[in-house]
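See structure below.
The values are calculated or read from the model by the stated rules, or taken from the named source; none is laboratory data. Just so we're clear, the structure is a prediction, and the values are computed from it rather than from any experiment. Note that we place each Cβ from the backbone using ideal geometry, even for glycine, and neighbour counts take in every protein chain shown.
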Amino acid sequence: REPVDGSASTATSGLAARLDDLRREYAALQARGLRLDLTRGKPSAEQLDLSEPLLALPGEGAHTAEDGTDTRNYGGLAGLPELRRIFAELLGVPTEQLLAQGTASLTLMYDTVVQALLFGVPGSERPWSREEQVTFVCPVPGYDRHFAICEELGIRMVTVPMTSDGPDAEAVAELVASDPSIKGLWVVPTYANPDGSVVSEAVARRLVSMPAAAPDFRIFWDNAYAVHHLTEHETKTANALQLAEEAGNPDRVLMYASTSKITFAGSGVAFFAASPTNVAWFTKHLGIRSIGPDKVNHLRHASFFGDAEGVRAHMRRHREILAPKFSAVTSILAERLGDLGVASWTNPDGGYFVSVDVAPGTASRVVQLAKEAGIALTPAGATFPYGRDPQDRNIRLAPTMPPLEEVQVAMDGVATCILLAAAEAATP
Ligand code: PLP
């Protein structure tokens, strides 16, 4: 990752001289008795209000899909065609290769891994659970729930660093080429959780074309923030499915997305896209698990958006709410820590998080100091497998949920905690 400002590696001893001042500043912070929370990567109530009309849709009497299907009844395993069409355009995939399902993409990811363990995927020699060992490559910092799936299911995790262009593709390629136990790679291609990076076209090409020792190696392409822009520039994600097909590895990529942070996080719609072979494989198991998804919810979403442009317009309204919060985070960090060399942080163009690297060895202390001053931060280490950050320096900030004024107060407090922890560490 490219640091926006400062550098965590050069924590100055000048700071040690400020220790007493910083202790006083921190005591004043504690005395304010704050109760603030920057842990939750959730939409705020104001954002949820943007989708309030959904609660009155599709409306009494409006239960018929465009092809005449009665959405109230069983069936339609792949999801409602009119909604699939809208999101197929947004995700750059053919509608036939996109399934619309339940409310959480995480469930679809979990199901995929479980089904791979139980049955294997197309190209597997045997179910993954019959392999001596199954390994996933985990770019770090990353999304804790990806790591939790691996941990629960007994999948070994090896880490590679994130760069500003996504996972370090050369590091991934080296591992994947030589180790046949590597069956999976987690990728959040657009505005990654937590560092906001976007996979470049070159990295995407490398990942879909690199030789893999396992014939059934899969990339879990979790496009959770595909349309979640924070600036006017609406970044277009590399089209991994198409690139994989062109590279002669059409089955390598499994794509996930959802409307959790577009409409309602809990009553949205989740999507799965892949090659026709993978979609047939997934659908076969899906059809045992379910007779069909909630098509009334699909219809509700399709009528709410109308078309892909409707989604884009809706996301611009999210942006108006979110952009000031993100700019508060980065400007307060720059103001308070800019030229002190105690931290670096990301300045994302989209997504839900800001990733901060503090002075090595101090992330847990920063989180503890913040907690004792009434500011809840995501536990240090959460962005690494098993919750262990070997350098104890990464902190994930989630500014979407609290009101702007609270984000400002919390971030000023966080800056004080980062400085105090660095000063303590620099004091002999
Ligand atoms: N993927 C990433 C990268 C996320 O950050 C999140 C939520 O924070 C999810 C998936 C969860 O998505 P869903 O609500 O569709 O399960």
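Annotations
- Residues in the stretch 307-327 that are surrounded by fewer than 19 Cβ atoms within 10 Å (Cβ to Cβ), touching a residue at least 60 places away in the same chain (Cβ under 8 Å) and either more than 20 Å from Ser44 (Cα to Cα) or within 16 Å of the ligand (Cβ to nearest atom) (or both): Asp307, Ala308, Gly310.
- For beta carbons closer than 8 Å, sequence separation of 6+ or different chains, a first residue in the stretch 256-279 that is on the phi > 0 side of the Ramachandran plot and a second that is hydroxyl-bearing (Ser, Thr, Tyr), the qualifying pairs are Gly266/Thr103; Gly266/Ser260.
- Positions within the stretch 22-48 being within 27 Å of the chain's Cα centre (by Cα) and surrounded by 12 or more Cβ atoms within 10 Å (Cβ to Cβ), in sequence order: Leu36, Asp37, Leu38, Thr39, Arg40, Gly41, Lys42, Pro43, Ser44, Glu46, Gln47, Leu48
- Note on the stretch 320-363: residues that are in contact with a strand residue (DSSP E or B) (Cβ under 8 Å, 6 or more places away or on another chain) and in a helix (DSSP H, G or I) total 6.
- Matching residues, the stretch 192-216, being in contact with a Pro (Cβ under 8 Å, 6 or more places away or on another chain) and among the β-branched types (Val, Ile, Thr): Val198, Val199, Val203
Residue-by-condition table, conditions (1) of a type outside the set (Gly, Ala, Ser); (2) within 18 Å of Val227 (Cβ to Cβ); (3) modelled with pLDDT of 95 or more:
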{"residue": "Glu66", "(1), (2), (3)": "yes, no, yes"}
{"residue": "Asp70", "(1), (2), (3)": "yes, no, yes"}
{"residue": "Gly76", "(1), (2), (3)": "no, no, yes"}
{"residue": "Phe87", "(1), (2), (3)": "yes, yes, yes"}
{"residue": "Gly102", "(1), (2), (3)": "no, no, yes"}
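- Filter result (buried (at least 19 other Cβ atoms within 10 Å of the Cβ) and part of a loop (DSSP other than H, G, I, E, B)) within the stretch 364-385: Ala373, Leu377, Thr378, Ala380, Gly381, Ala382, Thr383, Phe384
- Leu420 vs. criteria surrounded by fewer than 17 Cβ atoms within 10 Å (Cβ to Cβ) and of a type in the set (A, V, I, L, M): no
- Some residue of the stretch 135-148 being hydroxyl-bearing (Ser, Thr, Tyr) and touching a helix residue (DSSP H, G or I) at 6+ places or on another chain (Cβ under 8 Å): no
- The lone exception for Lys236 - which of (1) touching a Gly at 6+ places or on another chain (Cβ under 7 Å); (2) under 20 Å from Gly350 (Cβ atoms); (3) among the basic types (Lys, Arg) it fails: (1)
- Considering the stretch 281-293, and only residues there that are in contact (Cβ under 8 Å) with a residue 24 or more places away in the chain and surrounded by fewer than 20 Cβ atoms within 10 Å (Cβ to Cβ), the residue that is farthest from the chain's Cα centre (by Cα) turns out to be Ile291.
- Selection from the stretch 75-108 of residues that are hydroxyl-bearing (Ser, Thr, Tyr) and surrounded by fewer than 19 Cβ atoms within 10 Å (Cβ to Cβ): Thr95, Thr107
- Index of the failed condition, Ile395 passing every other in (1) part of a helix (DSSP H, G or I); (2) closer than 18 Å to Asn347 by Cβ: (1)
- Wholly within the stretch 55-164, strands (runs of 3 or more DSSP E) carrying at least 2 residues that are in contact (Cβ under 8 Å) with a residue 12 or more places away in the chain and away from the ligand (no atom under 14 Å from the Cβ): 135-140, 156-163
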